[in-house]
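See below for the structure under consideration.
The values are calculated or read from the model by the stated rules, or taken from the named source; none is laboratory data. Here the structure is a predicted model, which means the values were calculated and not measured. Glycine also receives a Cβ, built like all others from the backbone with ideal geometry; neighbour counts cover every protein chain displayed.
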């Protein structure tokens, strides 16, 4: 797994050859793990740059072509959705996906995505739903049923060839988590381009609340935001956002894992400036580097669920 971490570095200027050169026979398994960890583009590029792989990389290239094609289709869908939303007076925030790809990664193709996530104000939901309907999208459940309750998102689909679009009124979908952690459209600036602090908060909260950091790609989103890929991070503004949303615990774990797994020293330095401290002993036991690297093992899944429970409490 150390080879996977070394090869997943998105910045070619920082990429270093793994301490142990992967054998040709190990490459299929390595590429499969890279795909599951959402770091296949960087791994393929770094293997090629190091003169590794040759024809053994062909299956990975095919898989990456599929991922890239889906990302391009989704960008086309987004180009239709945004004007339709604007015509209804809705200014959605584009979460993750194309925003992370374009603003955090030197090459957007290094960050493929599988759906679109749009965050709107809760009272703008009916207008956003009309905009989606005007383009032929339909919610996966009865219109408004999940929204009328407490769940924070609804998935819209148009046809088999189109990717899914998730419409959120809260970045934290689960009502069970929101007493301690809630990130709304208003919290993130109310439309327009996300600030570097908001971008990092989205990466940390998404990684912690939605996935409990079950893959390396989530940590690279955090690490690149910490490096200032989208602009310098103002610690004071970030701390204010964390206090307002209850995201300090999620950020603390995100920065800890970016340091522990990726060796991102800037993450440790930012945690110190934010006065977040280290995750407590239970949190460190629940989400270890080994758990991050184990995408679907039973024990890893159980530990992630334990950490999810911790998110219900503010620091």
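The residues listed here are 257, 242; of these, the one that is under 22 Å from residue 174 (Cα atoms), under 19 Å from the mean Cα position of the chain (by Cα), assigned to a helix (DSSP H, G or I) and at pLDDT 95 or above is 242. Scan region 245-254 and tell me whether some residue there is over 26 Å from residue 2 (Cα atoms) and over 20 Å from the mean Cα position of the chain (by Cα). Checked region 245-254: no residue is over 26 Å from residue 2 (Cα atoms) and over 20 Å from the mean Cα position of the chain (by Cα). The set of residues from region 304-315 being in contact with a helix residue (DSSP H, G or I) (Cβ under 8 Å, 6 or more places away or on another chain), touching a residue at least 40 places away in the same chain (Cβ under 8 Å) and surrounded by 13 or more Cβ atoms within 10 Å (Cβ to Cβ) comprises 304, 307, 308, 310, 311, 314, 315. Among the residues examined, residue 298 does not qualify as surrounded by fewer than 22 Cβ atoms within 10 Å (Cβ to Cβ), over 30 Å from residue 190 (Cβ atoms) and touching a helix residue (DSSP H, G or I) at 6+ places or on another chain (Cβ under 6 Å). Counting only residues that are closer than 16 Å to residue 76 by Cβ and assigned to a strand (DSSP E or B), region 100-118 holds 3 of them.
Note on region 23-76: residues that are surrounded by 13 or more Cβ atoms within 10 Å (Cβ to Cβ) and not in a helix (DSSP H, G or I) total 6.
Cβ-Cβ distances below 6 Å connect no pair with a first residue in region 1-26 that is on the phi > 0 side of the Ramachandran plot, a second residue that is surrounded by fewer than 17 Cβ atoms within 10 Å (Cβ to Cβ), and a separation of six or more residues or different chains.
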